[in-house]
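Step one of this worksheet: look at the structure below.
Each reported figure results from applying straightforward, stated rules to the coordinates on display, with no laboratory input. For clarity, every value in this text was computed on a predicted model and none was experimentally measured. Here the Cβ positions follow ideal geometry from the backbone for every residue, glycine too, while neighbour counts run over all protein chains shown.
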Amino acid sequence: MNRVHKLKFILWAVAGLAAAVAAARFVHGLGATTNLSDTTPWGIWIGFDVMGGVALAAGGFIMTAAVHIFKLERLHEVVRPAVLTAFLGYVAVAVGLLFDLGLPWNIWHMIVFWNPHSPLFEVGWCVMLYLTVLTLEFFPVPAEEFSGLAKVRRVLIKARLPLVILGIGLSTLHQSSLGSLFLIMPYRLHPLWYSPILPLLFLVSAIGLGMMMVTFESHTTAWLYRRKPETAALASLSGVRWVLLLYAAIRFGDLAARGQVRALAAADWRTVLFWLEVGAMAIVPALLFSTPRVRQTRGGQWAAASLGVFGVVLNRIDVGGLAHRANGSRLYLPAWTEVVISAGVVSAATLAFLFLVERFHVWEQRPADPGADPHRLPEFDKVGTTWLGVPGVAGRTVYSLGFIFAASAGFALLAPQPAASRGVDLQPVHRARGEKTLWIDGNLDGFGVEFPHERIQKRLGGDASCVKCHHMNLPRDRNSGCYECHREMYLPVDAFRHDWHASPAGARLACGQCHPQGQSRSAAGAKPCSGCHKDLIPAGATIQVKQYRAAGYVQAMHELCIGCHQQMAAAEGKPDFARCGTCHKERRGITDAGDLAAPAEGGGILLPAMSR
Amino acid sequence: MNAAILTDTTKCIGCNECAIACRRVNHLAPDAPRRWDREDGLSARNWTSVVEGPHHTYARQQCRHCLEPACVSACPVGALSRTEIGAVVYDNARCMGCRYCMMACPYGIPRYDWDQPVPYVRKCILCYGRVRAGGQPSCTEACPTKATVFGDRGELLAEAHRRIAAAPGVYVNKVWGERDLGGTSVLAISNVDLSFLAPQHPAGSAPLPETTALAMHAVPFAFTSVVAAMAGLNWIIHRRMTRQAEEPDE
């Protein structure tokens, strides 16, 4: 395998992995497949895919401006790849956004429901329009190969200048408006990044990035296809150093104007991040491009440009989320699934790029497949009758295998993921311990309640009082413990164990023994439990079971105890008897809660996470 | 009328009746602690909560219903809007799930249905339907100690200042929500500093939508000038190059 085949194999495998994750994302929702939270609603999909992607695609408007407006003819040979990169970049942004949006099928709402106050509305419209412009700008390239499209091609080439000017206008708007998005978050974004001139900073850095991205991409593909790079033409792009120096000047000038210079030396990891970012995106590339030996050699151009590209993308990720003041206790780090989706989108875009440059006239010379021998005969299989195709496309078997194996691996890795990250930490209830006095601490966190079982039993009337609390018995049991049915600390669970009843290892019941024939098999039509278990509900039970759904343990305990306590507090004139601290001795802050003896009508005291 | 809520934390006993009433009236499904929750107890299924502050002070966390809401100005499809009574409400039929409102809110109030394949943004809507029908929000109705009350914003502000003046030394001399970020419809007075309710510590009295307004107003101007400049430059450069090409012949 040569370089191109190896790269394509890896890209197909990443795309396969991402395909599996994408399926999980849409089936299970964002919570199960990302580390996004109410604290950090935007993550790497916005920071890298959208903000980084739009910036990386800036080469399109820079190069069309350089060649078609400023008539820098020596750059003519890099215009087509730059426009193609921009086109695919924006397609990747749109696709990446579909994963991030909670309701991606509503993405078209921006066309009909307008809010012109919103920077995001403006970005959305500009991206939609500019993607259309890019399609029209690039379309003449593939159209060359199809004689039927000659007329369309002629029209589009005639319309090129207006299209280019429109594209520059739209790009200026949304490259800067991506910065405007964050103007509304002065308290969220760190002061080293937040600035009223964020739109200007975004625009200037996008211009710099556009020039460096073209250099980076040209050299990378030249290495990949063993093509002759456009080093001489690209040397004229080293004027980017003035853009980068201008950027650095604005950035530091802005910091000084806002009085944030001291933050540049603060002992904070964000200060390190700031210097890393500004160094990589502006200072170091500007110095490198100022060195004649760097800007005239292939390796030098590549190194300086890739450093700059890394720096600007890092800047977008910082502004997009990394440099936000953690306004909760947790720091957001992307889940592996988020990284895989981002990588998958980039891989797919790269594969599309490679396909298009191999198939169409994007470069001056279409790259030859370095591994293919133009004089080889078509291959046949061993038996000698089935044609396997031209050797040049034989890689498809390997690519498909890579895709399929990676997708399978993705599904295997994902299997425990959705269940584990539904967000609910299931908390099984532990039984109360003790005999005369029960120690009730269902989640074993040390904040328990001492329940004087024997004393309460005597007070309520001895053995006859069991039914005042114990309202349901397991078969062949008396006065079953609360935790038997209320098995979950917070969530209501089913007290009826369906699987056990149907299992050959359990009750061995056939469906028809509970679900009548000819009806849909649901809980509604099924035989009630009392149909078999006569003594399930003890006679005279105070609490009436209405459904076989056991409330969460905390809720069950509170509903059981608090009602009686309130009645007794009122009857005996002892408000202390119904305070939270009456039972919860240890919990800090609860002991001196207010007087709860006279609650509102239908009241009771429940923790926030409970329903009635 | 600008509907408003005033909460006096010195009267709040932390009983959570407001949160329970809210869940009942708004038909919110039972909730459990989730990975994506913030510490303040709000979630897609809990639109108001009681947060314990210093010295066992209990304060209500809920949507502030800003007079100039950042979320409304941020939403690209206008799914969030401020109604005639001052309630900031959400239209899930318009939403596309970008979550820009959650990023924009300085108080971090809107929450998301992270566990749903079809998720929506959730937050307090000031019981818009009940208030418009002449009633009051379920939370203020349920409060056993009248610590949180409903009324007209102007009257409640006057009441808040009256209480602060009547008990010198008890309250911090500030009505939270009176001027913060342009003012909010949810007001609070307290014996402690309530800044723990807003971990981003928004400050000042300038409404947040103003921060983006300038950039958004500049958009048509920027577009026109860039397009005009490009067309002009192209024309000049093209002309100069044509002349240069002609010169040797002359």
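Take the Cβ atoms of B:ALA93 and A:ARG258, set R0 to 45 Å, and the FRET efficiency comes out at 0.60. The alpha carbon radius of gyration of the stretch A:434-508, expressed as a multiple of 2.2 N^0.38 Å, is 1.36.
Computed over the stretch B:1-121, the Cα gyration tensor eigenvalues convert (square root of 5λ each) into semi-axes of 24, 19, 13 Å, ordered from largest to smallest. Its Cα gyration tensor gives chain A an equivalent ellipsoid; the semi-axes, largest first and in whole Å, are 65, 34, 21. Extending 7 Å from Cα along the Cβ direction at B:ARG179 and again at B:GLN244 yields two label points whose distance is 6.2 nm. Computed from point charges on the beta carbon alone (+1 for Lys and Arg, -1 for Asp and Glu), the dipole magnitude for the protein assembly as shown about its Cα centre is near 820 Debye. Build a GNM of chain B with springs between Cα atoms under 10 Å apart, and of B:ALA167, B:ALA229, B:ALA215 the one that fluctuates most is B:ALA229.
When the inverse distances between all different Cα atoms of the stretch B:176-250 are averaged and flipped, the Kirkwood radius reads 17.6 angstrom. Would you please classify the overall shape of the stretch A:426-559 from the alpha carbon gyration tensor, given that a ≥ b ≥ c denote the square roots of the eigenvalues, rounded means a/c under 1.5, and beyond that prolate means a/b larger than b/c while oblate covers the rest? Prolate is the answer for the stretch A:426-559, as a/c is 1.5 or above and a/b outweighs b/c.
Here the relative contact order of the stretch A:34-334, from alpha carbon pairs under 8 Å that lie six or more residues apart, stands at 26 percent. The GNM of chain B, with springs linking C-alpha atoms under 10 angstrom apart, assigns the highest mean-square fluctuation among B:GLN116, B:GLN61, B:GLN200 to B:GLN116.
Once you order the gyration tensor axes a ≥ b ≥ c over the Cα atoms, which shape class does the stretch A:537-589 get: rounded for a/c under 1.5, otherwise prolate or oblate by comparing a/b with b/c? Cα axes put the stretch A:537-589 in the oblate bin.
Over the residues of chain B, the helix contribution to mean residue ellipticity at 222 nm works out to -10000 deg cm²/dmol, using -39500 (n - 2.57) for each DSSP H run of at least 4. Centroid-to-centroid, using Cα positions, the stretch A:1-71 and the stretch A:119-189 are 18 Å apart.
Calculated on the alpha-carbon coordinates, the convex hull of the stretch A:34-334 measures out at 151 cubic angstrom per residue.
For the stretch B:154-250, the list of trypsin sites (Lys or Arg not before Pro) that fall in a loop by DSSP and count at most 15 other C-beta atoms within 10 angstrom reads B:ARG179. Normalised by residue number, the volume inside the convex hull of the Cα atoms of the stretch A:3-124 is 149 Å³ per residue. Both radii are taken from the alpha-carbon atoms of the stretch B:113-196; with Rh as the Kirkwood radius, Rg/Rh is 1.05.
The H on the amide N of B:THR148, modeled in the peptide plane, is under 5 Å from the matching H of B:ASP8, each at least 5 residues off or on a different chain. Considering every pair of different Cα atoms, what Kirkwood radius, in Å, is found for the stretch B:126-166? Hydrodynamic radius (Kirkwood, Cα only) of the stretch B:126-166 equals 11.2 Å.
State whether the stretch A:10-55 is rounded, prolate or oblate according to the following rule on the C-alpha gyration tensor (a ≥ b ≥ c being the square roots of its eigenvalues): a/c under 1.5 gives rounded; otherwise a/b larger than b/c gives prolate, and the remaining case gives oblate. Cα axes put the stretch A:10-55 in the oblate bin. Averaging the sequence gap over all C-alpha pairs within less than 8 Å and six or more residues apart, then dividing by the number of residues, gives the stretch B:3-197 a relative contact order of 32 percent.
Based on C-alpha pairs under 8 angstrom that are at least 6 apart in sequence, the stretch B:118-217 has a relative contact order of 16 percent.
Put in line by how crowded their Cβ is, counting other Cβ atoms within 10 Å and starting with the fewest, B:MET230, A:MET51 read B:MET230, A:MET51. Candidates B:TRP36, A:ILE184, A:ILE157 compared by Cα position along the dipole of the protein assembly as shown: farthest toward the positive end lies A:ILE157, with charges placed on Cβ.
Taking every DSSP helix (H) stretch of at least 4 residues in chain A, weighting each as -39,500 (n - 2.57) and dividing the sum by the residue count yields a mean residue ellipticity at 222 nm of -15500 deg cm²/dmol.
With a Förster radius of 35 Å applied to the beta-carbon distance between A:HIS498 and A:ARG478, the computed FRET efficiency rounds to 0.90. In terms of distances greater than 27 angstrom between alpha carbons, the cross-link table entries A:LYS436/A:LYS527; A:LYS436/A:LYS534; A:LYS585/B:LYS11; A:LYS8/A:LYS151; A:LYS546/B:LYS11; A:LYS574/B:LYS11 yield A:LYS436/A:LYS527; A:LYS436/A:LYS534; A:LYS8/A:LYS151; A:LYS546/B:LYS11.
For the stretch B:100-139, the equivalent ellipsoid derived from the Cα gyration tensor has semi-axes of 25, 14, 8 Å, listed largest first.
Please give the FRET efficiency for A:LYS151 paired with A:ILE456, using the beta carbon to beta carbon distance and R0 = 60 Å, rounded to the nearest 0.05.
That pair, A:LYS151 with A:ILE456, gives E of 0.05.
Plainly put, the stretch B:209-249 has a radius of gyration that is 1.42 times its Kirkwood radius, both from alpha-carbon atoms, as the Rg/Rh ratio.
Expressed as a whole percent, the proportion of Cα-Cα pairs in chain B lying more than 22 Å apart is 60%.
Just so you know, the averaged projected area of the alpha carbon convex hull for the stretch A:243-364 sits at 11.0 nm².
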